[in-house]
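S.K.: Here it is, the structure in full.
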Amino acid sequence: MYCGVAEMTEDYTIHEYDVVIIGAGGAGLRAAIEATREGASVAVICKSMLGKAHTVMAEGGAAAALANKDPRDSWQTHFRDTMKGGKYLNDWRMAEIHAKESPDRIRELEQWGAIFDRTPEGLTNQRNFGGHTYPRLAHIGDATGLELIRTLQERGIHTGMEVFMEYTVRHIFKSDGRVSGCFAYNRVDGSLHVFKAKTTILATGGITRCWAVCSGSWEYTGEGHALAYWVGAEMGDMEFVQFHPTGMIWPPSVRGILVTEGVRGEGGMLTNSEGERFMFNYVPEMYLDEFADTKAEAMDWVNSIVADETPTARRPPELLTRDVVAKAINSEREAGRASEHGGAYLDISWRPEEQVKKKLPGMYHQFMELAAVDITKEPMEVGPTAHYVMGGVKVDPVTQESTVPGLYAAGEAATGLHGANRLGGNSLSDLITFGKRAGQHAAETAAGIEGYADIDATEIARVISETLAPLSREGGENPAKVVEDLRDMMQEKVGIIRQGNQLQEALVDLESFRVREALTSPGGTRIYNPGWHQALEIGAMIDISKMCALAALAREESRGGHTRLDFPTPDHSHWGKINSVITMEASGEMVLNHVKYPPIPDNLKGLLDADDLHEGE
Amino acid sequence: MTEDVTFRVFRGEPDEEGVPTGEMVDYTVEMDEGMVVLDVIHRIQAEHAPDMACRWNCKAGKCGSCSAEVNGKPRLMCMTRMEDIMEETPEETPVVVKPMQAFPLTKDLVTDLQWAYDLNKKIPRLKGPEEMDWKFDQVEADRIQEFRSCIECMLCVNTCHVMREHQMFEEFAGPRFFVRLANLEMHPKDEDNRLEMIKDDFGLGYCNITRCCTEVCPAGINITDNAIIPLKERVVTEYYDPITIVAKKLGLRN
């Protein structure tokens with residue numbers, strides 16, 4: 001490394017790496033392991049400390065057709081389930097790669113130290129989840145994300161990757177049309193850094209901190225999405241935000257914290273204030289054949305699962321896809337049948353205490369310690385929480401390269417695999433499948449590039465000046481207040497159920513947040529100053545919120561993670577066949593278009609349910 | 001149920017020699033039902049002190065970032081309910097929040113944990129068979145899954161007197177890393193032997209089993225009984241057991 005001096009005489013350090021990876025969650029670490037294996041020098045830049053990324057919060061499991069638990073499973077069925085769950089807006093090429101490669105990605109994790117729960121035969125056990133035809137999720141109790149990140153961390157630290165912990169990337173540079181590096185500041189000491197890179201991977205996760213009720217960690221402010229957009233990448237499917245049906249709702253301070261779908265996979269039942277198992281009333285037509293229509297049949301299925309037998313009955317409707325269950329809980333509330341604090345009851349207490357504690361230890365502790373509820377004895381109260389964004393950087397399905405040369409994206413930061421709605425468990429397997437591919441291809445490309453491109457000094461000076469600006473402002477608002485209001489606005493106007501006029505209002509409101517953002521004054525110094533850090537996050541939050549509102553306003557139908565009160569049904573003939581794409585014009589204006597994926601080949605089409613495809617409509 | 005609560009929080013930075021320098025500052029904010037300590041800290045940041053340093057991530061007890069000492073006891077701020085804190089705090093007395101005391105101070109409630117990352121790199125990784133689809137039973141998994149539930153909050157290290165009182169960060173790996181080492185040593189497919197390192201480089205002998213680490217572990221890992229004592233037993237068997245020594249001399253054991 002060496003030093004540079006920007007025009008306003010602020011010192012900064014210059015680093016050079018073949019591959020720079022932004023983000024140290026599952027996708028970032030998996031990419032780093034692969035890129036170092038290819039021989040690249042690798043820097044991993046992360047906002048938190050290593051091992052603390054949002055991946056750690058994942059609970060239920062990682063989906064892969066290992067067929068350890070049910071021999072009928074195969075990549076073909078996993079492919080079909082993923083496409084159906086995504087309401088056919090997925091990039092089928094990614095869904096195919098994911099279904100085929102995820103089993104080996106799981107097996108290799110085990111060789112790196114992951115200890116998944118076992119089958120009676122001693123193999124990796126697999127759990128049932130919404131939308132998956134067979135038990136498919138490798139898991140360790142309800143702490144699979146921790147297992148994934150710790151395993152990758154323990155593998156990664158021996159590969160030679162350099163980790164820059166508690167650094168925030170503010171800007172990605174382009175030189176001669178290629179991404180040439182990025183600018184970051186160190187959150188701990190406020191020092192400034194330019195990373196020159198031959199290739200750059202965004203593994204920055206999601207955006208759900210833009211909503212007041214969410215399951216995301218503080219990191220989920222969406223800078224990764226914004227960085228890609230600002231450097232000119234195409235952003236796809238930004239209207240599709242997954243509201244997980246079961247977040248905690250009481251007490252208020254824990255609102256949004258995730259309650260794993262594993263509860264329902266283990267036989268948890270959803271009821272309303274009248275004690276009715278309401279999910280039987282919400283089975284969509286496309287799933288009618290696959291779900292139980294009586295309580296007795298649902299119970300048969302659960303009994304088989306508990307007894308470790310292959311079920312012959314159809315599954316309980318609680319295991320419908322997340323979009324369906326979240327909307328059902330919302331509808332029950334609208335109809336006046338909500339639980340005491342405005343959600344639904346989720347009950348697993350009918351199973352023996354020791355089984356609940358073994359299968360769902362995290363949930364037991366979470367409710368005991370945060371809500372004083374003993375889930376082995378009484379039902380939980382749950383409601384929808386903003387959980388995942390299906391939209392993100394549009395990438396090449398094979399290489400994960402974005403539309404800007406030299407910039408790659410993997411995991412939640414990328415789009416394509418999940419279409420309009422992600423199946424539970426497909427996120428963790430997404431991270432390792434496409435994290436590996438991104439790492440491999442970014443390293444291969446870097447190997448063919450000689451030396452590092454020059455980065456425009458005036459651009460560096462401008463970014464430094466923008467980064468330090470909040471510290472010299474006085475008398476403005478506390479950035480925390482602006483963020484709180486932004487999140488409340490998004491919850492109200494771009495939430496789980498949307499309407500045209502509210503989306504239009506949101507777009508207007510967002511411009512007023514831009515004015516407020518420019519005036520915030522956090523005070524304090526450059527040393528570990530959360531107020532300053534937060535002031536710098538708001539710009540990204542505004543731009544990604546705008547992407548979401550803009551794409552949601554255009555899509556005049558309801559599908560997966562996008563529901564319009566004014567257009568309540570899916571429109572298969574038009575909207576069901578096209579995906580949104582957002583780009584920034586040279587003028588700085590945000591522009592929305594719609595495109596189609598290439599036609600799906602017949603051999604893969606044959607795996608899908610013909611009735612769902614609405615061909616010729 | 002809204003009432004006011006006063007927090008007395010450490011605000012400061014290390015001086016040039018690294019000695020924490022600062023003061024305890026009182027902040028009073030309103031408290032809502034069901035709040036945890038971290039919620040109150042966030043409210044103080046939002047209403048009084050945006051630049052107050054505090055680490056956190058998940059706010060759900062899964063990442064182990066928000067370790068601090070609340071009323072003198074090491075805990076995760078996100079999993080400590082205000083209801084319990086108010087019960088233990090005498091009336092008219094502020095709730096005292098300080099950073100972990102065993103680690104070098106960065107600022108306010110944030111400490112420098114670089115030591116942990118450097119030490120982790122010295123532990124040789126898992127060495128198992130090349131072929132995929134390892135077979136082992138749930139009973140074997142159970143034993144190490146307990147260790148896998150560690151969230152690296154470092155509260156155990158902060159509490160251990162070998163670290164806290166004697167600052168033996170060079171000689172002693174501390175409870176967290178004995179949990180990690182026990183995980184590797186007890187892995188049903190691991191083929192490596194790290195006992196010599198555990199004895200010499202990681203200083204297992206310094207632990208005199210006071211069980212303070214186990215008491216503060218928010219993941220409920222029985223660190224002393226399930227990780228440290230079995231490792232001590234293995235070291236004793238390998239290096240100090242007279243029969244083993246004779247057997248080794250006679251070439252009956254490696």
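Rule-based calculations on the coordinates, nothing more; no lab input. These numbers were taken from a predicted model, which means no experiment stands behind them. Positions of Cβ are backbone-derived with ideal geometry, glycine not excepted, and every protein chain shown enters the neighbour counts.
S.K.: By the scheme Lys and Arg +1, Asp and Glu -1, what is the net charge of all other residues having a beta-carbon under 10 Å from that of B:K73?
M.R.: -2
S.K.: Spelling out what I want: for every residue of segment A:102-117, take phi, set θ = phi - 60°, compute 6.51 cos²θ - 1.76 cosθ + 1.60 (Karplus), and round to whole Hz; glycine and proline get x.
M.R.: Taking θ as phi minus 60°, the curve returns 4, x, 5, 5, 6, 4, 6, 4, 4, 6, 9, x, 5, 10, 6, 4 Hz for segment A:102-117.
S.K.: Given an 8 Å cut-off on Cα distances and at least 6 residues of separation, report the relative contact order of segment A:266-333 as a percent.
M.R.: 34 percent
S.K.: Compute the FRET efficiency between A:K596 and A:Q504 as 1/(1 + (r/R0)^6), taking r as their Cβ-Cβ distance and R0 = 25 Å, and round to the nearest 0.05.
M.R.: Once rounded, the FRET efficiency stands at 0.40.
S.K.: Now a separate question. Compute, for chain A, the length of the dipole vector about the Cα centre, with Cβ point charges of +1 (Lys, Arg) and -1 (Asp, Glu) only. Units Debye, rounded to 20.
M.R.: Here chain A has a charge dipole of around 520 debye.
S.K.: Sticking with this one: Within 10 Å of each Cβ in peptide A:191-201, how many partner chain Cβ atoms are there on average? Round it to a whole number, please.
M.R.: 0
S.K.: For peptide A:114-122, compute the average count of partner chain beta-carbon atoms within 10 Å of each residue's beta-carbon.
M.R.: Other-chain Cβ atoms within 10 Å of each residue's Cβ, averaged: 5.
S.K.: Around B:V29, under 9 Å between beta carbons, what's the net of Lys plus Arg minus Asp minus Glu among the other residues?
M.R.: -2
S.K.: Moving to a separate point now. Using only alpha carbon pairs under 8 Å that are at least six residues apart, calculate the relative contact order of chain A and give it in whole percent.
M.R.: 21 percent
S.K.: In whole percent, what relative contact order does segment A:468-572 give with Cα contacts below 8 Å and a gap of six or more residues?
M.R.: Taking the mean separation of contacting Cα pairs over the length of segment A:468-572, I get 36 percent.
S.K.: Still on this structure, I have one more. I'd like to compare B:217-223, A:78-84: which one has the highest average count of other Cβ atoms within 10 Å, and what's the full order after that?
M.R.: A:78-84, B:217-223
S.K.: Quick one: grab Rg to one decimal and Dmax as a whole number for segment B:3-111, Cα atoms only, in Å.
M.R.: 13.2, 43
S.K.: Same structure, new question: Magnitude of the Cβ-charge dipole of segment A:61-135, K/R +1 and D/E -1, about the Cα centre, nearest 20 debye?
M.R.: Dipole about the Cα centre, nearest 20: 260 debye.
S.K.: Suppose we keep just the alpha-carbon trace of the protein assembly as shown; what are its Rg and Dmax in angstrom?
M.R.: 26.3, 87
S.K.: Moving on to the next point. What is the spread of the Cα atoms of segment A:468-572 along each of their three principal axes, largest first, in whole Å?
M.R.: That works out to 54, 22, 17 Å along the principal axes.
S.K.: Work through the residues other than A:A344 whose Cβ is under 13 Å from its Cβ and net out their charges, Lys, Arg +1 and Asp, Glu -1.
M.R.: Surrounding charge for A:A344 is -3.
S.K.: Under a GNM of chain B (C-alpha, springs under 10 Å), which listed residue has the highest mean-square fluctuation: B:L204, B:L184, B:L113?
M.R.: B:L113
S.K.: Toward the positive end of the charge dipole of segment A:424-561, about the Cα centre and with charges on Cβ (Lys, Arg +1; Asp, Glu -1), which of A:I432, A:T520, A:M490 goes farthest?
M.R.: A:I432
S.K.: Between segment A:144-190 and segment A:46-106, what is the C-alpha centre distance in whole Å?
M.R.: So the separation of the two Cα centres works out to 24 Å.
S.K.: If you project the alpha carbons of segment A:244-386 onto the principal axes, what extent comes out on each, in Å, largest first?
M.R.: Principal-axis extents of segment A:244-386 (Cα, largest first): 41, 36, 25 Å.
S.K.: Turning to a different aspect of this structure: What share of the DSSP beta bridges in chain A is antiparallel, in percent to the nearest 5?
M.R.: Percentage antiparallel, nearest 5: 65.
S.K.: How far, in degrees from 0 to 90, does helix A:500-517 lean away from the longest principal axis of the Cα atoms of chain A, to the nearest 10?
M.R.: 40 degrees
S.K.: Right, here's the next one. Within a 10 angstrom radius of each residue's Cβ in A:163-173, how many Cβ atoms of other chains show up on average? Whole number is fine.
M.R.: 1
S.K.: How big is the dipole moment of segment B:127-219 about its Cα centre under a simple scheme where the beta carbon of each Lys and Arg is +1, that of each Asp and Glu is -1, and everything else is neutral? Debye, nearest 20, please.
M.R.: Magnitude of the dipole: close to 380 debye.
S.K.: Any idea what diffusion coefficient segment B:114-245 gets from Stokes-Einstein, in µm²/s, Kirkwood Rh on alpha carbon pairs, 37 °C, 0.692 mPa s?
M.R.: 213 µm²/s
S.K.: Further question: Filter A:K69/A:K359; A:K100/A:K596; B:K62/B:K122; A:K47/A:K436 down to the pairs with a C-alpha to C-alpha distance above 18 Å, please.
M.R.: Over 18 Å Cα-Cα: A:K100/A:K596; B:K62/B:K122; A:K47/A:K436.
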